Amino acid sequence: MITVVDVNTDRTLDDFAAHAPLKRPVEDLRAVAQQYADRLGDRTVWMVNSTAQGGGVAEMLPKVVSMLRELGVSTEWAVIVSEEDRFFQLTKHLHNLLHGAGDPHISEDDRALYRSVSEQMAERLARRVAPGDPVVVHDPQPLGTGALLQETMDVPSVWRCHIGLDATNDATEAAWDFLRPWAEAYDETVFTLREYVPDFLEDRADLIQPALNPLSPKNRTLSVTELSSVLRRARLSGSPHPTMEGDFASPARRLQRNGSFAPATRPDDLGLMERPIITQISRWDRLKGFAPLLQGFARLKDSRFMDRNAVSERDRYRLSLSRLVLAGPDPDSVSDDPEGQEVFDEICRLWHDLPPEIQRDVAIITLPMASRRVNSLMVNALQRCSTIIAQNSLREGFGLTVTEAMWKRRPVMGTHAAGLREQVKDGVHGRRIPKAEDPEGIAHTLHEMLNTEAERKRWARNARRRVSERYLVFTQVRRWLEVLAQTVDRQAAVSVDGHATTNDPTDA
């Protein structure tokens with residue numbers, strides 16, 4: 001099944017320009033947009049991915065789509081929906097392989113399944129796409145769909161790969177061996193970092209880095225009153241006073257000692273507005289490094305660590321008050337990530353094994369996905385009341401959660417994963433730990449960050465400035481206009497010269 005997502009234009013470019021820090025980026029985008037829109041003509045651009053919620057791609061596409069429309073480019077967002085559960089298990093396996101992890105074996109049955117689902121999706125997408133419409137396919141899940149669509153239709157095609165690894169091993173080689181015949185069918189490819197581009201695509205690869213929408217519910221400024229209201233309505237904090245607005249229909253849920261889930265104010269209030277809070281918010285994925293982060297925080301709270309490292313009674317008191325929040329989407333709500341529930345269960349088991357005195361200072365929280373707006377507000381509020389945002393990824397294609405935290409002037413504890421290394425300069429925007437798998441190193445880095453308040457403020461200022469200059473949606477949309485116009489021009493030139501081919505992508 002192909003689902004076309006209804007994208008609402010909640011903010012116009014004029015709305016952005018009304019905010020003084022955003023006026024110049026909007027003007028720069030408008031100055032060049034018309035020339036690219038004219039080259040695209042009356043074509044409709046199709047953005048295709050595998051889920052409408054959960055993950056960075058689904059976060060970015062609504063604003064990219066609506067902004068392209070406002071600039072005069074007809075744009076639609078389509079999502080592939082397969083009833084074959086094994087298909088998304090396979091594409092999750094490919095996702096892990098591209099990050100250098102997992103069993104490199106891919107069976108002939110896997111290849112047959114991928115082709116079968118891709119054929120079904122391509123046939124259905126062809127009923128919606130017109131000849132000449134540019135098709136932009138995001139990540140491995142719909143890669144085959146776009147390749148087969150191009151085989152049967154005269155469409156300019158772009159594959160946008162959001163993931164990768166800045167090294168090669170047996171896992172990455174297996175992934176690219178599988179993906180290569182499909183990827184080579186595209187006119188153009190787009191990657192996040194140059195290090196992610198495989199050799200065989202170098203002659204048709206562009207770079208576009210992810211970006212955030214500064215006025216979205218997830219990133220807009222929250223006043224103290226709004227912040228308090230969102231936390232209370234999400235049941236992330238309590239209030240003894242009567243309030244005008246009731247709770248959200250689906251509150252955040254916190255793991256309890258008996259294994260059940262309850263509002264996050266149980267068994268006690270987290271103290272999000274009062275305590276030193278370390279927060280990581282990500283999909284439940286082993287590569288996000290939740291487990292070693294949890295183990296590192298447990299080391300930080302251990303009395304023996306405090307005895308060795310606390311330099312004053314105030315230092316010791318700060319460490320004793322600190323709490324860790326590990327938050328992510330309800331695992332049942334992310335359709336293209338079948339490992340989510342398994343990973344989440346592993347983290348819950350680790351939490352249950354903690355000593356009670358440490359367990360009470362760690363909150364495992366699921367955020368509802370029934371409303372994208374409400375979920376985004378919860379994430380916004382959690383990030384804004386955090387002392388430190390952690391992203392302990394073993395691998396990270398980019399890491400928009402870090403971009404979001406930096407925009408909110410929050411110092412980041414990141415790793416040397418390529419996407420985080422691109423954003424966070426050690427000692428400038430926060431700290432990068434030497435090894436994401438090392439709990440002892442995590443504990444020492446968190447201790448250092450918690451006890452250097454002046455440095456945290458400096459890192460926060462620098463972080464905000466870096467996002468303003470590099471990672472806002474206006475820059476991303478401009479790059480998409482450039483790539484789309486370039487791809488349409490190139491495909492038209494090939495057609496005129498008579499060199500267009502219709503080779504089966506799996507014949508390689």
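Throughout, read-outs are computed from the coordinates displayed, never taken from laboratory work. What you see is a predicted model, and the numbers here were worked out from it, not measured in a lab. All Cβ positions, even for glycine, are placed from backbone atoms using ideal geometry, and neighbour counts span all protein chains on display.
Calculated [222 nm] ellipticity per residue, helices only, for the chain: -14500 deg cm²/dmol; basis is -39500 (n - 2.57) per DSSP H run with n ≥ 4, divided by all residues, nearest 500. Rounded to whole numbers, the Karplus 3J(HN,Hα) couplings from phi for region 266-281 are 10, x, 8, 5, 6, x, 4, 8, 10, 8, x, 10, 10, 10, 10, 10 Hz, using 6.51 cos²θ - 1.76 cosθ + 1.60 with θ = phi - 60°, and x at Gly and Pro. For region 410-422, backbone phi angles converted through the Karplus equation (6.51, -1.76, 1.60; θ = phi - 60°) give residue-by-residue couplings of 10, x, 10, 9, x, 10, 8, 4, 4, x, 6, 4, 5 Hz, Gly and Pro being listed as x. For region 439-453, putting each phi into the Karplus relation 6.51 cos²θ - 1.76 cosθ + 1.60 with θ = phi - 60° gives couplings of x, 5, x, 5, 4, 5, 5, 4, 4, 4, 5, 5, 10, 10, 4 Hz, in residue order, rounded to whole numbers and with x for Gly and Pro. Between Glu184 and Glu123, the C-beta separation translates, for a Förster distance of 22 Å, into a calculated FRET efficiency of about 0.55.
Counting only alpha carbon atoms, the long axis of helix 224-233 and the longest principal axis of the chain meet at about 90°. If you line up the long axis of helix 290-301 against the longest principal axis of the chain, both from Cα atoms, how many degrees apart are they, to the nearest 10? With both axes taken from Cα atoms, the answer is about 20 degrees. The alpha carbon convex hull volume per residue for the chain rounds to 147 Å³. Taking 0.890 mPa s as the viscosity and 25 °C as the temperature, the Stokes-Einstein diffusion coefficient of region 42-208 based on its alpha-carbon Kirkwood radius rounds to 152 µm²/s. Here's the picture: charge each Lys and Arg Cβ at +1 and each Asp and Glu Cβ at -1 in the chain, and of Met1, Ala363, Gly397 the one pushed furthest to the positive end of that dipole is Ala363.
So if I place +1 on the C-beta of Lys and Arg and -1 on the C-beta of Asp and Glu, and nothing else carries charge, what would the dipole magnitude of the chain be about its Cα centre? I want it in debye, nearest 20.
3000
With a Förster radius of 45 Å applied to the C-beta separation of Asp6 and Ser260, the computed FRET efficiency comes to 0.80. For Val81 and Asp247, the FRET efficiency from 1/(1 + (r/R0)^6), where r spans their Cβ atoms and R0 equals 35 Å, is about 0.65.
DSSP bridge analysis restricted to the chain gives an antiparallel fraction near 15%, rounded to the nearest 5.
For a test of the definition: using alpha carbon positions, the gyration tensor, and the 1.5 limit on a/c, classify region 224-470 as rounded, prolate or oblate. Verdict is rounded for region 224-470. Simple spin-label estimate for Leu207 and Glu173 gives 2.7 nm between the two label positions (7 Å along the Cα-to-Cβ direction from each Cα).
Once the gyration tensor of the Cα atoms in region 193-264 is diagonalised, the equivalent ellipsoid follows with semi-axes of 42, 20, 8 Å, ordered largest first. The length gained by stretching the chain between Glu482 and Glu108 to full extension, at 0.36 nm per residue less their Cα-Cα distance, is 130.8 nm. Placing +1 on the Cβ of every Lys and Arg and -1 on the Cβ of every Asp and Glu, with nothing else charged, gives region 224-470 a dipole about its Cα centre of roughly 960 debye. Amide hydrogen proximity for Thr189: with H placed 1.01 Å from N in the peptide plane, the residues at 5 or more positions away or on another chain lying under 5 Å are Trp159, Ala205, Asp206.
When restricted to Cα atoms, region 227-357 yields an Rg and a Dmax of 16.4, 49 Å, respectively.
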